[in-house]
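Notes to accompany the following structure.
The values are calculated or read from the model by the stated rules, or taken from the named source; none is laboratory data. Predicted model only: the values in this text are computed from it and were never measured. Cβ coordinates were reconstructed from backbone atoms using ideal geometry, including for glycine residues, and neighbour counts include every protein chain displayed. Only protein heavy atoms, including side chains, enter the accessible area calculation; ligands, DNA and RNA are left aside. Shrake-Rupley method; radii C 1.70, N 1.55, O 1.52, S 1.80 Å.
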Amino acid sequence: MISRKVNNVKEALEGIQDGQTIMLGGFGLCGIPENSIAELVNKNVANLTCISNNAGVDDFGLGLLLQKRQIKKMISSYVGENAEFERQMLSGELDVELTPQGTLAEKCRAAQAGIPAFFTPAGFGTEVAEGKETREFNGKMHVMELAYKADFSIVKAWKGDEAGNLIFKGTARNFNACMAGAAKITIAEVEELVPAGTLNPNEIHIPGIMVNRIFQGEKFEKRIEQRTVRQRS
């Protein structure tokens, strides 16, 4: 069986260069590849195009890359809780392509499945549809969207084995599942890395064929983006 295990995050991120396009899993701060993002900051790569649902918060997640001006373009569904993201977008310092959330997910999934394009009703009649082919299906207008093309996809999973099989936990599955295998090279950062054959095949969410490199991360903070608590009675 082919082993996709690498020793650490530095080995996992080898080959990432200035100007490349990178997909990053997660939703808000849930399920983000923390170790990989920190290493991207340390590598000081620049002019990146990042495809991610949002950009974390000011001092965590992709917000760390924004602080150092390492991101040239963000392809996201919303600005989220990141004030610096908003500031750079409004000032024109950052190129931003806002995409309906479902469309963003499907553009990732299409790339994962090898589908070059698809039609969706989302965005028809808005700026989202400008310059794109439109077509009517069953009496309703649709917009043609192209699948993403990315150099690297970096995802975070709960468990993985040395063959690259992945299991996500709860809502951390989010965009990680559709981004795995959606780029030329997929890197998986996991909380627990086990020998091949250890995982229950019925519990695997992403097969190892979609993963090129896998490593065990360290010291996950798992910050909460918005803490909501019930008032004491």
Report summary line: The answer for the net charge of residues other than T198 whose Cβ lies under 12 angstrom from its Cβ, with Lys and Arg +1 and Asp and Glu -1, is -3
Requested in this report: With r as the distance between the Cβ atoms of K169 and R69 and R0 = 35 Å, compute the FRET efficiency 1/(1 + (r/R0)^6) and round to 0.05.
Outcome: 0.60
**Report entry** Modelled FRET efficiency - R0 30 Å, Q226 with E203, Cβ distances, 0.05 increments
**Finding:** 0.50
Report summary line: Of the accessible area of the stretch 104-185, computed with a 1.4 Å probe and all protein chains kept, carbon and sulfur make up a percent value of 52 percent
Report summary line: The summed charge of the G164 Cβ neighbourhood (under 13 Å; Lys/Arg +1, Asp/Glu -1) stands at +1
Requested in this report: Please identify the cysteines of the chain that lack any partner cysteine with a Cβ under 4.7 Å from their own Cβ.
Outcome: C30, C50
Requested in this report: Please list, or write none, the lysines whose alpha carbon is within less than 21 Å of the alpha carbon of K184, excluding same-chain residues fewer than 8 places away.
Outcome: K5, K10, K43, K72, K73, K107, K149, K156
Query raised in the report: When the chain is fully extended, how far beyond the present Cα-Cα distance does K43 get from R87, taking 0.36 nm per residue of separation?
Result: 13.4 nm
Report task. Give the peptides 78-89, 37-48 in descending order of average Cβ contacts within 10 Å, highest first. Result -> 78-89, 37-48
Report task. Using packing as a proxy for protection, rank 134-142, 223-231, 104-112 so that the peptide with the highest average count of other Cβ atoms within 10 Å comes first. Result -> 104-112, 134-142, 223-231
Report task. Would you pull out the residues with amide H under 5 Å of V194's amide H, same chain only if 5 or more places away, H placed 1.01 Å from N? Result -> G160, D161, E162
